[in-house]
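In what follows, a structure is listed as structure tokens, so that the remarks can point back to it.
The values are calculated or read from the model by the stated rules, or taken from the named source; none is laboratory data. Note that this is a predicted model, so its numbers are computed, not measured. Virtual Cβ from ideal backbone geometry, glycine too; neighbours counted across all protein chains shown.
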Amino acid sequence: MIVDANDFDRPSHFDADICILGGGVAGIVLANELLTENKSIILLESGDDGFDGETQFLYEAESTPKYFPDPTWSRLRMLGGASNHWENSIERFDPIDFQRRNWIEHSGWPITYDEVAKYYPEAEAYCRVAKEGCDFSLWREKLTREGMFSDSSMFESVIAKSPASPTLFFEEYGKALVDNKSIRVIKNANVVDVDYQTEQQNVQAAVFQTFSGVQHRVKAKAFVMCMGGIENARMLLHFNERYDNKLGNQYDNVGRYFMEHPTVRAAHFLPLDENGIDKIHREGIVVDNELTLRGRASLSEHAQSEHQTFNMRMYFNKKSKIVLSDGVSSSHVVRNSLKESEIPDEFGSHLLNIIKDIDHIAESFLQKEFDRTLFDSVHEFGGYQLLAMIEQTPHRDNRIKLGTTTDAIGLKKIKIDFHVTEQDKQRTWKTLELLSKDTAIQKLGRIKLLKERESRIWGSQLGYGQHHMGTTRMSDRAEEGVVDASSKVFGTNNLYVAGSSVFPTGGHVPPTLTIVAMAIKLANEIKHRT
Amino acid sequence: MKNTRREFLQQLLAVSASIPLFNTAVMADAMENPLDGDNSRSTAIDECVEVYRIWRSTENIDPVSYLIDVLGRYNLAPNKISSAAKLDFQYKNFFDVNGLQLSKTEAAFLAHIGERHHT
């Protein structure tokens with residue numbers, strides 16, 4: 001059943017076997033997996049089954065770094081969570097993502113790839129991409145030519161899958177929860193505290209309230225935090241203010257090692273043949289009107305290890321001359337620097353680019369200011385823009401912490417510290433250089449590295465996957481993590497965390513499939529413990 | 001309208017596979033066949049001059065001497081620029097032209113043409 005906390009006009013008490021805090025992807029999958037176990041479940045969701053502005057503003061941050069996406073809007077505080085506005089591009093993590101790599105500090109999971117991978121087929125069914133396998137070789141016959149990297153010694157082609165329409169998790173799986181008598185979904189229920197018994201190390205109850213301020217309690221045998229990569233950390237920090245850091249924060253790890261998927265446009269690919277990139281890499285293919293497959297470049301695990309670098313999710317996107325224009329980009333670099341009363345590095349090169357591409361700049365101005373076209377040729381094919389989503393090295397000082405101002409229900413807002421390290425920037429260039437070498441050897445074309453645009457690439461042009469990871473990281477030692485290999489919070493017997501906040505490393509692909517697989521895995525563990 | 005870097009590169013790599021290495025007059029003739037407009041030759045030559053300028057500021061050997069040396073090292077015939085280029089990339093013998101990753105042999109070839117037009 002589904003009930004609205006706004007209808008509770010006086011403090012209420014509930015009992016359940018399992019209390020799930022958060023009704024996003026992880027919470028819905030977890031609840032769905034536990035339905036068959038005849039256990040009573042209460043799922044608390046801050047939002048409603050539709051968007052509500054007042055609730056959404058509970059996500060507002062006190063401060064964020066320059067150019068970092070506003071967390072008020074990069075998340076959705078409602079049933080189904082971020083699945084209500086995601087791209088639904090699905091990929092599995094790789095075995096190397098779970099290994100300790102001596103060139104990536106703080107890498108290594110306390111569980112193996114195989115322990116998670118056995119749940120990937122079921123997770124793909126949840127995400128509605130289970131129609132065909134992920135193996136690129138299955139799709140060769142559908143391609144116009146052999147796969148782009150079939151002769152490569154370093155790179156391989158990988159498939160990203162998306163269903164024709166994105167999977168909205170509450171819309172898809174909510175009815176099963178609402179129709180089941182053993183589960184009660186309580187919406188508009190903002191979790192504000194937990195009752196924790198220090199000696200027994202047990203969480204006794206979760207406390208939630210509405211905007212009216214009336215508080216209610218849920219007692220349960222087990223609690224699972226499924227509030228998202230930022231909010232899991234925020235709430236755990238909040239709980240720990242009352243309990244002297246006994247909940248997973250004995251070593252000040254909650255909120256730290258925050259990772260995103262920075263996305264860069266740091267190179268252009270100039271093909272010898274405009275159609276030299278096969279269709280699946282160039283624009284993707286649609287299968288039976290149900291599934292979109294898009295090929296991309298992936299650096300092999302052997303090459304990552306040999307060159308001590310990381311993988312990137314690299315797409316080749318066809319672009320016109322004006323989009324790839326050095327002159328247009330240089331004009332932005334120069335203008336942004338002059339605004340700060342500075343002269344940019346490589347000023348001479350930028351001026352030369354502006355002069356050489358003066359028609360591109362003129363066209364760009366005309367289009368923006370007057371919506372007119374003067375130089376038709378600048379809109380012709382210019383090459384491919386390489387869009388790369390990078391793996392971010394976990395860094396202790398990238399973190400979510402509590403500020404001093406509070407939101408509408410009295411909880412401290414967050415402050416975000418985040419930066420891309422010089423090491424990660426250098427690894428990005430290294431992987432792109434390897435791609436330069438490989439595409440040249442295969443006679444596909446040449447790559448131009450856009451190092452003269454670094455200030456923009458890592459500044460105003462830096463994109464993000466909106467993937468929030470690592471803030472309650474998993475470890476086999478409390479000194480290095482927040483949760484153990486079973487996703488149980490250190491220092492507790494019955495508090496668990498689900499979602500990408502437990503990821504010790506973030507890989508280079510969207511986390512949702514792995515979030516779903518881990519939620520299924522966690523459900524299996526909880527079944528045996530409650 | 002002007003030739004683009006991509007189209008210039010396409011021309012270079014197409015002709016370099018077939019013409020004798022040091023027959024730069026033939027190369028210049030090849031560049032005079034415009035893809036789209038009268039400015040293509042002058043833009044291609046400008047690119048070569050730019051490559052020569054970068055070569056001169058970074059290398060201690062002139063382009064011709066380098067080409068003789070690399071063909072000897074790879075044991076290749078004079079018209080095998082594309083073969084030399086492939087070997088260059090395998091051995092990470094890059095040459096960076098304002099971010100564009102060329103093989104050093106390709107760059108030497110372009111620099112050699114650019115040297116003739118450099119003032």
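Worth a mention:
- Among (1) in contact with a Pro (Cβ under 7 Å, 6 or more places away or on another chain); (2) within 14 Å of chain B (Cβ to nearest Cβ); (3) within 30 Å of A:Pro344 (Cβ to Cβ), the one test that A:Leu450 misses: (1)
- When residues of segment A:286-315 are limited to those that are farther than 16 Å from A:Glu87 by Cα, among the hydrophobic types (A, V, I, L, M, F, W, C) and more than 14 Å from chain B (Cβ to nearest Cβ), the one nearest to the chain's Cα centre (by Cα): A:Met312
- Extreme residue, farthest from A:Ile390 (Cα to Cα), among residues of segment A:406-435 that are among the polar types (S, T, N, Q) and either exposed (fewer than 15 other Cβ atoms within 10 Å of the Cβ) or touching a Gly at 6+ places or on another chain (Cβ under 8 Å) (or both): A:Thr406
- Some residue of segment A:36-46 being within 30 Å of A:Arg296 (Cβ to Cβ), basic (Lys, Arg) and part of a loop (DSSP other than H, G, I, E, B): no
- One residue alone among A:Val323, A:Val334, A:Val328, A:Val287 is within 23 Å of A:Cys127 (Cβ to Cβ) and among the hydrophobic types (A, V, I, L, M, F, W, C), and that residue is A:Val287.
- Of the residues making up segment B:89-109, those that are within 12 Å of chain A (Cβ to nearest Cβ) and either in a helix (DSSP H, G or I) or within 9 Å of B:Val51 (Cβ to Cβ) (or both) are B:Phe89, B:Gln90, B:Phe95, B:Val97, B:Leu102, B:Lys104, B:Thr105, B:Glu106, B:Ala107.
Residues are listed down the side, and each one gets a yes or a no for (1) in a loop (DSSP other than H, G, I, E, B); (2) away from chain B (no Cβ under 14 Å); (3) at pLDDT 95 or above; (4) in contact with a Cys (Cβ under 8 Å, 6 or more places away or on another chain):
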| position | (1), (2), (3), (4) |
| --- | --- |
| A:Thr439 | no, no, no, no |
| A:Glu454 | no, no, no, no |
| A:Gln461 | yes, yes, no, no |
| A:His467 | yes, yes, yes, no |
| A:Thr505 | yes, yes, yes, no |
| A:Pro510 | yes, yes, yes, no |
| A:Asn524 | no, yes, no, no |
| A:His528 | no, yes, no, no |
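- Residue match in segment A:396-416 (condition: part of a helix (DSSP H, G or I) and not basic (Lys, Arg)): no
- Residue in segment A:372-383 that is under 20 Å from A:Gly507 (Cα atoms), among the charged types (D, E, K, R), outside any strand (DSSP E or B) and more than 14 Å from chain B (Cβ to nearest Cβ) present: no
- Taking residues in segment A:194-215 that are closer than 23 Å to A:Gly491 by Cα and without any contact (Cβ under 8 Å) to a residue 60 or more places away in the chain, and partners anywhere that are among the small types (Gly, Ala, Ser) and surrounded by 15 or more Cβ atoms within 10 Å (Cβ to Cβ), the pairs with Cβ atoms closer than 6 Å and at least 6 places apart or on different chains are A:Asp195/A:Ala205.
- A single member of A:Lys488, A:Lys451, A:Lys430, A:Lys425 is touching a strand residue (DSSP E or B) at 6+ places or on another chain (Cβ under 6 Å) and charged (D, E, K, R), and it is A:Lys488.
- All of (1) more than 9 Å from chain A (Cβ to nearest Cβ); (2) modelled with pLDDT under 70; (3) buried (at least 19 other Cβ atoms within 10 Å of the Cβ); (4) more than 22 Å from A:Lys451 (Cα to Cα) hold for B:Ala84 with one exception: (2).
- The condition of being in a helix (DSSP H, G or I) and within 14 Å of another protein chain (Cβ to nearest Cβ) does not hold for A:Lys425.
Residues are listed down the side, and each one gets a yes or a no for (1) closer than 29 Å to B:Ile54 by Cα; (2) without any contact (Cβ under 8 Å) to a residue 24 or more places away in the chain; (3) touching a helix residue (DSSP H, G or I) at 6+ places or on another chain (Cβ under 8 Å); (4) polar (S, T, N, Q):
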residue	(1), (2), (3), (4)
A:Asn289	no, no, no, yes
A:Ala303	no, no, yes, no
A:Lys319	yes, no, no, no
A:Ser330	yes, no, yes, yes
A:Val333	yes, no, yes, no
A:Ser349	yes, no, yes, yes
A:Ala362	yes, yes, no, no
A:Thr373	no, yes, yes, yes
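- Just so you know, in segment B:61-119 the residues that are of a type in the set (Val, Ile, Thr) and farther than 18 Å from A:Lys443 by Cα include one that is farthest from the chain's Cα centre (by Cα), and it is B:Thr119.
- Here is the figure for segment A:233-278: residues that are assigned to a strand (DSSP E or B) and crowded, with 21+ Cβ neighbours inside 10 Å total 11.
- Checking each residue in segment A:374-405 for being surrounded by fewer than 16 Cβ atoms within 10 Å (Cβ to Cβ) and either of a type in the set (Val, Ile, Thr) or modelled with pLDDT of 95 or more (or both) picks out A:Arg396, A:Asp397, A:Gly403, A:Thr404, A:Thr405.
- Selection count, segment A:52-93, where residues are surrounded by 14 or more Cβ atoms within 10 Å (Cβ to Cβ), of a type outside the set (Ser, Thr, Tyr), over 27 Å from A:Arg294 (Cα atoms) and out of contact with any Phe, Trp or Tyr (no Cβ under 7 Å at 6 or more places or on another chain): 6
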